[in-house]
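Quick notes on the structure that follows.
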Amino acid sequence: METYESLVQVIALTMGVAWASGINLYATIGILGLMNMGGYVELPPDLQVLSDPLVIAAAGFMYCVEFFADKVPGVDTGWDALHTFIRIPAGAMLAAGAIGEVSPALQLAAAIVGGSMAAGSHFTKAGSRVMINTSPEPVTNWAASIGEDILVITGLWAALQHPLLFLILLVLFIVLMIWLMPKLWRGIKRVLGFIVRLFQGKPNETLPVQRQADVRETVD
């Protein structure tokens, strides 16, 4: 029974850090680091570095930058596009570290699954933000950003304190994510288009705000 519970805890933490990293990497690092430093949780050896004051300070600073960048329509989508290269690899690394001291093959497997989970949550967030940015008022954008932060905090808390419940909710999130992906594809293409223009040396071509007609067409 104890082995079963330990396995569930490891899986929940591994998937939890990857999922949360795809939504808000800096909040994920900061929360885990502070909780470990305060003795509320004991992270695996490979994640102990998150409780280093320098890591927490860097994560806190970048969280503050993202807090404001994430609430400006257009800027948030550009920020998400650039963080495709940060959140997904970081999610894979955190997942590999969360699985604990195991064989290299298991760590690699955790990194692959964790990277995929981080990519899924990242593109779901980025695609939905492009759709939300069609609204001319800023309230929806702010509400979505704050809601994402709350989701990350409560999700990590559930993964650490109620791992089985978290895994059940994660399965529901994956089902929702699969259902939403076709509807969000137009927004995801805009994010990928920004990345392509960046490599083509045209980063100043900002992501335009989508028309309401496009949203209706996507939903239909």
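The values are calculated or read from the model by the stated rules, or taken from the named source; none is laboratory data. Fair warning: this is a prediction, and the values are worked out from it, not measured in the lab. Reconstructed Cβ throughout: ideal geometry from the backbone, glycine too, with neighbour counts over all protein chains shown.
Annotations for the structure displayed:
- Hits in region 108-126 (condition: small (Gly, Ala, Ser), touching a helix residue (DSSP H, G or I) at 6+ places or on another chain (Cβ under 6 Å) and either under 20 Å from Leu167 (Cα atoms) or surrounded by fewer than 24 Cβ atoms within 10 Å (Cβ to Cβ) (or both)): Ala110, Ala111, Gly114, Gly115, Ala118, Ala119, Gly120, Ser121
- Qualifying residues in region 164-201 (those that are touching a residue at least 40 places away in the same chain (Cβ under 8 Å) and over 24 Å from Trp79 (Cα atoms)) - the one surrounded by the most Cβ atoms within 10 Å (Cβ to Cβ): Phe166
- Among the residues of region 32-46, those that are part of a loop (DSSP other than H, G, I, E, B) and under 16 Å from Ser21 (Cβ atoms) comprise Leu43, Pro44.
- Of all residues in region 1-17, those that are at pLDDT 95 or above have Cβ atoms under 8 Å from Cβ atoms of residues that are among the polar types (S, T, N, Q) and assigned to a helix (DSSP H, G or I), 6 or more apart or on another chain, in Val17/Thr28.
- Members of region 52-101 that are more than 17 Å from the chain's Cα centre (by Cα), in contact (Cβ under 8 Å) with a residue 24 or more places away in the chain and more than 24 Å from Ala143 (Cβ to Cβ): Val55, Ile56, Ile99, Gly100, Glu101
- When region 1-31 is filtered for residues that are more than 20 Å from Ala90 (Cα to Cα) and either in contact with a His (Cβ under 9 Å, 6 or more places away or on another chain) or outside any helix (DSSP H, G or I) (or both), only Met1 remains.
- Number of the exception - Thr84 against (1) at pLDDT below 95; (2) in contact with an Asp or Glu (Cβ under 9 Å, 6 or more places away or on another chain); (3) under 24 Å from Ile112 (Cα atoms): (2)
- So Val72, is it among the hydrophobic types (A, V, I, L, M, F, W, C), outside any helix (DSSP H, G or I) and touching a helix residue (DSSP H, G or I) at 6+ places or on another chain (Cβ under 9 Å): yes
- For region 94-107, the set of residues classified as modelled with pLDDT of 95 or more and surrounded by fewer than 21 Cβ atoms within 10 Å (Cβ to Cβ) is empty.
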